[in-house]
Amino acid sequence: MDERTFDRSGQHASVVGLGTWQLGADWGDVDDKEALAVLEAAAEAGVTFFDTADVYGDGRSEQTIAAFLSGRPDLHVMVATKMGRRVDQIPGNYVLDNFRAWNDRSRRNLGVDRIDLVQLHCPPTPVYSTDEVFDALDTLVEEERIAAYGVSVETCAEALTAIARPNVASVQIILNPFRMKPLREVLPAAREAGVGIIARVPLASGLLSGKYTRETVFPENDHRTYNRHGESFDVGETFSGVDYVTGVEAAAEFAALAPEGCTPAQLALRWIIDQPGVTTVIPGARSPEQARANAAAARLPELSGETLTAIRDLYDRRIKDQVESRW
C-alpha cells in the first residue's frame, strides 16, 4: 500500500490506516480474539498506521495493539495515541505534570519507551492558544517519551490554530463526503505548513456504508444510540453531526454513485484518499472482512470528475446546511 509522509516529523503512514475506537468500547461488544483478528487482517493488507487513545475502553485498545505487535516483531507500524479525555475537560488540566502521567500510562499500555505520535484528544478550545501547553509537549519530545505530537480537533478553527504552532506534526479532523468544510479551510493550510492530516470518522459512523435504514437499532453501549444528540460528547463525532434520518436518505443516494466493483464504504474512503493534503484515513473495523475491504480502497482507481461532481452536489443539497456552521 502507498505510504505518505508527515513532513514535519518525517514519519510515514499507509494511506489507509486503522482506527481502533471500536476495539476498545462504544461500538457494541468486540471480544479480544476478534480484536486481534482485525489488527492482523489490517496489517496483512498493508496498513502501517494504527490510531488509538487512552480513553478507548480505558486503555483496552492500547493494550490490544501492544499484545498484537508483541507477537509480530516483523511489522513496522506507526502507532498514534491520544490523551486528555480521562479528566474533566477544563484547560487547567492540560499541564506538563498531567501530560507525563498520561504518557506514562499509555507507554505502559502500549509496551514501549517512546510513542510514535501523541495527540491531544479534542481538548477545550482555549488549549490550542495556550503557549504553555505546546511547551509541555515539546518537553515530552525532549525527554524522548514521544517522537512527535499532534492534535485531534472538532472544528476547522481549532485546526487552523494548531497548524500555526511550529512543532505540531499532525491534525486529526473529521473529513468525509458528509463533512467537506476542511477541504476549503484546513487542508490547504496544512499542505502549506507541512502538517499531516489524519482523516477520522470517514464513514460518518457507518452511514456511508449504505447499510443502515430508519429502522436500524444499535446496541445500548454504542455511541450511535447514546450520543445521537450529543448527550455524552460532541455530537459531531456521531454520524458526523448529521441528523440520522437525513443521513440515511443521503447515504442511499451516495451508495448509488459507487462505480462497479466499489462498495459505498470504499467510495467514501477513495474520495478521502483523493483529496490533496490527506496523509492517512483511519476507518475502524469490527471484523477482519471490514478491515480488508477498507484497505482495498487504496488500490481503487481515482474517482472520475463526474463522480466527484455528483458527490459534491449531494453534499450541497442535503448536508452542508446541517454541519458547516458548527464545525
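The values are calculated or read from the model by the stated rules, or taken from the named source; none is laboratory data. Everything numeric in this text was worked out from a predicted model, so none of it was measured. All Cβ positions, glycine included, derive from the backbone under ideal geometry; neighbour counts span all protein chains shown. Only protein heavy atoms, including side chains, enter the accessible area calculation; ligands, DNA and RNA are left aside. Shrake-Rupley method; radii C 1.70, N 1.55, O 1.52, S 1.80 Å.
If you scan segment 311-327, which residues turn out to be closer than 14 Å to A251 by Cα and either open to solvent by less than 30 Å² (accessible area, probe 1.4 Å) or not in a helix (DSSP H, G or I) (or both)?
Residues satisfying the conditions are I311, L314, Y315, I319.
Would you call E215 among the acidic types (D, E), over 30 Å from D7 (Cβ atoms) and surrounded by fewer than 21 Cβ atoms within 10 Å (Cβ to Cβ)?
Details: among the acidic types (D, E): yes; over 30 Å from D7 (Cβ atoms): yes; surrounded by fewer than 21 Cβ atoms within 10 Å (Cβ to Cβ): yes.
When the stated conditions are applied, E215 passes them.
Would it be correct to say that G247 is modelled with pLDDT of 95 or more and touching a Ser or Thr at 6+ places or on another chain (Cβ under 9 Å)?
Numbers: modelled with pLDDT of 95 or more: yes; touching a Ser or Thr at 6+ places or on another chain (Cβ under 9 Å): yes.
Yes: the conditions hold for G247.
Which of the residues spanning segment 143-156 are in a loop (DSSP other than H, G, I, E, B) and β-branched (V, I, T)?
V153, T155
To keep it simple, each residue is scored yes or no on (1) open to solvent by less than 10 Å² (accessible area, probe 1.4 Å); (2) at pLDDT 95 or above; (3) basic (K, R).
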position: Q22; (1), (2), (3): no, no, no
position: D29; (1), (2), (3): no, no, no
position: E44; (1), (2), (3): no, yes, no
position: D54; (1), (2), (3): yes, yes, no
position: P73; (1), (2), (3): no, no, no
position: R86; (1), (2), (3): no, yes, yes
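Mind checking which residues of segment 218-227 are open to solvent by less than 70 Å² (accessible area, probe 1.4 Å) and either touching a strand residue (DSSP E or B) at 6+ places or on another chain (Cβ under 9 Å) or part of a loop (DSSP other than H, G, I, E, B) (or both)?
F218, P219, N221, D222, H223, R224, N227
Quick check on my filter: what residues within segment 277-309 are outside any helix (DSSP H, G or I) and under 17 Å from the mean Cα position of the chain (by Cα)? Steps first, please.
Taking segment 277-309 first, the residues outside any helix (DSSP H, G or I) are 277-287, 300-304.
G277, V278, T279, T280, V281, I282, P283, G284, A285, R286, listed by residue number.
Filter segment 238-272 down to residues that are assigned to a loop (DSSP other than H, G, I, E, B) and of a type in the set (D, E) and give me whichever is surrounded by the fewest Cβ atoms within 10 Å (Cβ to Cβ). Give the derivation first.
First pass over segment 238-272, keeping only residues assigned to a loop (DSSP other than H, G, I, E, B): 238, 242-243, 256-263.
Okay, now just the ones that are also of a type in the set (D, E), so 243, 260.
Details: D243: 15, E260: 4.
Here the residue is E260.
Checking the condition part of a loop (DSSP other than H, G, I, E, B) and of a type outside the set (D, E, K, R), which residue from L203, L140, L160, L183 passes? Steps first, please.
Numbers: L140 fails: part of a loop (DSSP other than H, G, I, E, B); L160 fails: part of a loop (DSSP other than H, G, I, E, B); L183 fails: part of a loop (DSSP other than H, G, I, E, B).
The match here is L203.
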